[in-house]
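Only one structure is covered here, and it is reproduced in the block below.
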Amino acid sequence: MKVQAHYINKKTGMLARRAITHVPRVGDEIRFHGEKYFKVTLVVWVMDEDECPYERVNIGVVDAATL
């Protein structure tokens, strides 16, 4: 099953939007754009957007280099 994920950087706002099959958990590290690493700080399942054909999730992240 695909999940529409919005990755949101706590400092800069929207980072990316992807259709994914596995949702990262709080504490996981993820990578974007080759060399930028982020730590997942929040996972929120969106239950009020019926127009989206997928399940939806917002994933809060912070730069892993700042931890």
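Before moving on, here are some points about what is shown:
- Cα centre as origin, Lys/Arg/Asp/Glu Cβ charges: the chain dipole, Debye: 280 debye
- The residues of the chain present an accessible area of 72 Å² per residue when probed at 1.4 Å with all protein chains retained.
- Looking at the chain alone, DSSP beta bridges between its own residues are antiparallel in about 75 percent of cases.
- Potential extension, Thr21-His6 segment - 0.36 nm per residue separation minus Cα distance: 4.1 nm
- Volume in Å³ per residue [convex hull over Cα atoms, computed for the chain]: 86 Å³
The values are calculated or read from the model by the stated rules, or taken from the named source; none is laboratory data. Just so you know, these numbers come straight off a predicted model, no measurement behind them. Don't worry about glycine lacking a Cβ; one is built from the backbone with ideal geometry, like all the others, and counts go over all protein chains shown. The area values use the complete protein model at the heavy-atom level, side chains included, leaving out ligands, DNA and RNA. Shrake-Rupley method; radii C 1.70, N 1.55, O 1.52, S 1.80 Å.
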